[in-house]
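Trainee: Let me give you the structure first, and then I'll get to my questions.
The values are calculated or read from the model by the stated rules, or taken from the named source; none is laboratory data. Because the structure is predicted, anything quoted here is derived from the model rather than measured. Using ideal geometry, Cβ is built from the backbone for each residue, glycine included, and neighbour counts are taken over all protein chains shown. Areas reflect the complete protein model, heavy atoms only, side chains present, ligands, DNA and RNA absent. Shrake-Rupley method; radii C 1.70, N 1.55, O 1.52, S 1.80 Å.
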Amino acid sequence: MKSEAIETRDALLIIDIQNDFLPGGSLAVSGSEQIIPAINRCIEKFNTLGHPIFLTRDWHPVDHWSFAGQGGPWPPHCVAETFGAEFSASLLQPKTVQVISKGVRRESEGYSDFEVPDLRAKLERAGISRLFVAGLASDYCVLRTVLDALKLGYQVFLLQDAVRAVNVKPDDGDRALQTMRQNGAQLISSDQIS
Ligand code: VGL
Ligand code: ZN
């Protein structure tokens, strides 16, 4: 198996490891708790090397457009400042991690991390050109973030053992992986990072 050495222009982007997407949460993603150990190993590797680590979070107002009460597709989830919006207590959070909140306005879609201009500015300032991406959910936020990153010219490594899908339709997650690959993302396993 080919290993991918971390280089100076690499950053780690961990998407939405929040209580509401974990077992017991209002929008629990099946198997989501299983990816946390692999994600923590990646965080340790990037942290040891002093490379940027971004943790993104869904951070919605109580009346966000995507909630069923407003005619949206989802149950209320990740309401700002609530337990459901907190990162999992099992997730490592070294002091240097940078937190990016998205979906913060009522009308903001909140799927792509690049909806937040802040992220791009921070990546540019740090001279980042390659992104290692993992988290939730592979058929929504991960998919949309990866597609935007590719459009913006980033090289993307999708850590396929460290993502899980909502699977509104049973094969949504598989199709999302295919779409990311067809658009230029490289699908690797988290233990290929060295
Ligand atoms: C997400 C559905 C609604 C995600 C966020 O993080 O993938 N999915 N809000
Ligand atoms: Zn959301």
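Trainee: Based on this model, can you work out whether residue 99 counts as part of a loop (DSSP other than H, G, I, E, B) and either more than 16 Å from the chain's Cα centre (by Cα) or aliphatic (A, V, I, L, M) (or both)?
Mentor: No.
Trainee: What's the total number of residues in segment 132-151 that are among the charged types (D, E, K, R) and within 9 Å of ligand 1 (Cβ to nearest atom)?
Mentor: 2
Trainee: Next question. Select from segment 75-100 the residues that are without any contact (Cβ under 8 Å) to a residue 60 or more places away in the chain, crowded, with 18+ Cβ neighbours inside 10 Å and within 15 Å of ligand 2 (Cβ to nearest atom) and list them in ascending order.
Mentor: 76, 77, 79, 100
Trainee: How many residues does segment 167-194 contain that are in contact (Cβ under 8 Å) with a residue 60 or more places away in the chain, surrounded by fewer than 17 Cβ atoms within 10 Å (Cβ to Cβ) and small (Gly, Ala, Ser)?
Mentor: Adding up the residues that qualify gives 2.
Trainee: When the residues of segment 39-67 are filtered to those that are under 15 Å from the mean Cα position of the chain (by Cα) and open to solvent by 10 Å² or more (accessible area, probe 1.4 Å), which remaining residue is nearest to residue 103 (Cα to Cα)?
Mentor: 59
Trainee: Among the residues of segment 9-16, are any within 19 Å of residue 188 (Cβ to Cβ) and either among the aromatic types (Phe, Trp, Tyr) or open to solvent by 10 Å² or more (accessible area, probe 1.4 Å) (or both)?
Mentor: Yes, segment 9-16 contains at least one residue that is within 19 Å of residue 188 (Cβ to Cβ) and either among the aromatic types (Phe, Trp, Tyr) or open to solvent by 10 Å² or more (accessible area, probe 1.4 Å) (or both).
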